[in-house]
Amino acid sequence: MMAKIVIIIPTYNERENIEKMIEVLEEQIFPQIKNHKMEILIVDDNSPDGTAEVVREKMKRYSGIELSLGEKKGLGAAYKRGMRYAMEKMKADAVVEFDADFQHDPAYIIDLVKKFDEGYDHVIGSRFAKGGSIPSNWSLYRKFLTKYGGLFSRTVLFFPNINRVRDVSTGLKLTRVKGVLEKINFERVGDGFFYKTQILYQLVNLGVKITEIPIRFKIREKGESKISSQEVLRTFLGVIELRLTDPKMLRFIKFGIVGFVGYLVNASTLFLFANILHFAEWLSWALSTELAIISNFTWNNIWTFKEVEIRGFKNIIKKFFQFNGTSIGALLIQTTAGTLGVKILGPSFRQILLPFIIIFLVIPYNYTMYNVFIWKTWKIPFLSKK
Ligand SMILES: Nc1nc2c(ncn2[C@@H]2O[C@H](COP(=O)(O)OP(=O)(O)O)[C@@H](O)[C@H]2O)c(=O)[nH]1
Ligand SMILES: [Mg+2]
């Protein structure tokens, strides 16, 4: 299928570079890509050096070049504007993020397009894939930052699968529009350099097909870098924020807090029933465990799973019995183990037994139940019906 691929080039004071770049793309690169319609979008922020005028001159010579002008708010803002423009006005099927300054060999565009043709949704020009590199004459500081800053980002964002993507801050990549870029929530993408990581994180979570091709990142020929050290700090904090505000992560944290509150309910009421009210041992364990189950159900329903909260008296009662159904095993395990444990070790071990039983018996039990029966992520041959 013939696709329209738009090369988006943000520019700020790139007068000399952009002139040469447009020529190289139009004369040398695009003629080598015969199966697609290749176009260029320059996203300029009213560069004082007159970059836009140079672009307008080139637009007279070549067709398929567009220019989007706007105020300067940062690289992320420029790309957001450019991506919207490419999708809405140019009806792009894929976009390529590309710099004007020749740090990326334009021939890599051919490699990106090949991977797109193989069916990949997001193709990353990676400086850290095997065969890729960063400039050897970069300062030690910049080398260190790119490499270990990247490792930090990958660890925070993708742990334990830190090699899912090896280069999270590269400026060269191709992204399919249909089902991929069109699904990105641009409200969660900032105006700065960090936009790259924010988009990448969303793409990984969407589960699109991602691959990396090695690139050798060169030094800038003309003009100067626009990346400030302030952006570095923002990236560092942004990575942590990105992971912590991920809805899945938030739910996991809430689930943990609710579980801990459940434990406190369990421990305090066990103390009340056994030590103060002198109920029978098994009854103290059974009642306090049930109160913890009620606490877990209630808080998880109105807080952890708020978006899908169960409402209405009848529904709540029904769900509650269902929840108890899956918890009945835990109730039995905890009551039996607690009662027996106290029989053997004596009442002074009651409060020490509780966390041990929870950690070594109840959590593994619940985890197995969830995987086998609720979310069915473990396949047990004789249990799964075809
Ligand atoms: N429109 C626009 N382009 C920008 C902005 N900041 C950087 N660029 C362009 O984005 C590309 C990459 O920026 P550069 O300074 O080379 O980053 P570096 O290669 O990481 O040092 C270049 O083509 C710049 O002209 C901005 O705020 N607005
Ligand atoms: Mg550059």
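The values are calculated or read from the model by the stated rules, or taken from the named source; none is laboratory data. Not measured: the values here are computed from a predicted model. Cβ: placed from backbone, ideal geometry, glycine included. Neighbour counts: every protein chain shown.
Values computed for the structure shown
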read-out	value
Wholly within the stretch 64-178, strands (runs of 3 or more DSSP E) carrying at least 1 residues that are of a type in the set (Lys, Arg)	173-176
Options Phe313, Phe305, Phe260: the member that is within 16 Å of Pro355 (Cα to Cα) and surrounded by fewer than 17 Cβ atoms within 10 Å (Cβ to Cβ)	Phe260
Residue ID - nearest to Val113 (Cα to Cα), chosen from residues in the stretch 1-25 that are more than 13 Å from ligand 1 (Cβ to nearest atom) and assigned to a strand (DSSP E or B)	Ile5
Flag if Leu140 is over 24 Å from Thr245 (Cβ atoms), away from ligand 1 (no atom under 16 Å from the Cβ), modelled with pLDDT under 95 and in the same structural domain as Ser47 (by TED's automatic domain parsing)	yes
Of residues in the stretch 184-239 being under 28 Å from Asp111 (Cβ atoms) and basic (Lys, Arg), the one farthest from ligand 1 (Cβ to nearest atom)	Lys209
Selected residue (only one of Val43, Val96 is surrounded by 14 or more Cβ atoms within 10 Å (Cβ to Cβ) and within 12 Å of ligand 1 (Cβ to nearest atom))	Val43
Unmet requirement for Lys73, which otherwise passes all of (1) closer than 28 Å to Asp117 by Cα; (2) out of contact with any Lys or Arg (no Cβ under 8 Å at 6 or more places or on another chain)	(1)
Qualifying residue in the stretch 252-264 (condition: within 32 Å of the chain's Cα centre (by Cα) and charged (D, E, K, R))	yes
Some residue of the stretch 54-75 being within 15 Å of ligand 2 (Cβ to nearest atom), at pLDDT 95 or above and either over 33 Å from the mean Cα position of the chain (by Cα) or among the polar types (S, T, N, Q) (or both)	no
Criterion: assigned to a helix (DSSP H, G or I) and in contact (Cβ under 8 Å) with a residue 60 or more places away in the chain - qualifying residue of Ile317, Ile240	Ile240
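Table: residues versus (1) farther than 30 Å from Leu157 by Cβ; (2) surrounded by fewer than 15 Cβ atoms within 10 Å (Cβ to Cβ); (3) of a type in the set (Phe, Trp, Tyr).
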position	(1), (2), (3)
Val204	no, no, no
Ile213	no, no, no
Glu231	no, no, no
Thr245	no, yes, no
Leu264	yes, yes, no
Phe273	yes, no, yes
Ile276	yes, yes, no
